[in-house]
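What follows is a single structure, written as structure tokens, with notes after it.
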């Protein structure tokens, strides 16, 4: 957006002359601008095909494709391309900046924001499932520990106290210090983190696998 604005700022400050013919630089800028519109329209239409590979959100491509947000984006940039061509045909290219502005605003409102909301919902879905399992499976006075990277939203979804321990090897000493009478603990984390948090080879019961996370009960 800033690049296009800079490209057109010079043209907007020039005096208007009905007989003035666009110079080569102006023609190149107009052509480049229209080409960008067309390329973006094509790219966003096919972008769900390139969204795979995230283990936290394996269904993101299908969800984005089914939502239609990228189809709306392709329509926005296709209409911008056609509108820009219309300005060229009618020799009103000085108003091309308005097409840039409207298209970019529509893209943000109708594509970027909904796509971010979809991705955030998918990213949080495993934590919501884990939180529901904690609420259903947790025994009285049983500690719950999330190992590794802290996810405060887990506490929000579970509506229960959960201890965060960033370093898996610190789990056994922290449990002995804080809950010496506990006979079991719920552990949340990625498989390698739960494995590293169990140097004492506690018996583990798998309660739930959601996304890349596991919820297990360790018998102390």
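Miscellaneous remarks
- Acute angle (nearest 10 degrees) that the helix 69-89 long axis makes with the longest principal axis of the chain, alpha-carbon atoms: 10 degrees
- Relative to the longest principal axis of the Cα atoms of the chain, helix 2-13 runs at roughly 20 degrees.
- Beta bridges per DSSP, both residues in the chain: antiparallel share near 65 percent.
- Cα Rg over Rh - the chain, Kirkwood: 1.27
- Cβ crowding within 10 Å averaged over residues, with 71-80, 137-146 ranked highest first: 71-80, 137-146
- Between region 21-89 and region 123-182, the alpha-carbon center distance in angstrom: 44 Å
- With Cα atoms, 0 to 90° folded angle of helix 24-46 axis to the chain main axis: 30 degrees
- Counting neighbouring Cβ atoms within 10 Å and putting the fewest first, the residues 102, 44, 188 line up as 102, 44, 188.
- Helix-only CD estimate at 222 nm, as mean residue ellipticity for the chain, using -39500 (n - 2.57) per DSSP H run (n ≥ 4): -17500 deg cm²/dmol
The numbers here are math on the coordinates, done by the rules we state, and not lab data. This is a predicted model, so every value here is computed, not measured. Here the Cβ is made from the backbone with ideal geometry for all residues, glycine too, and neighbour counts use every protein chain on show.
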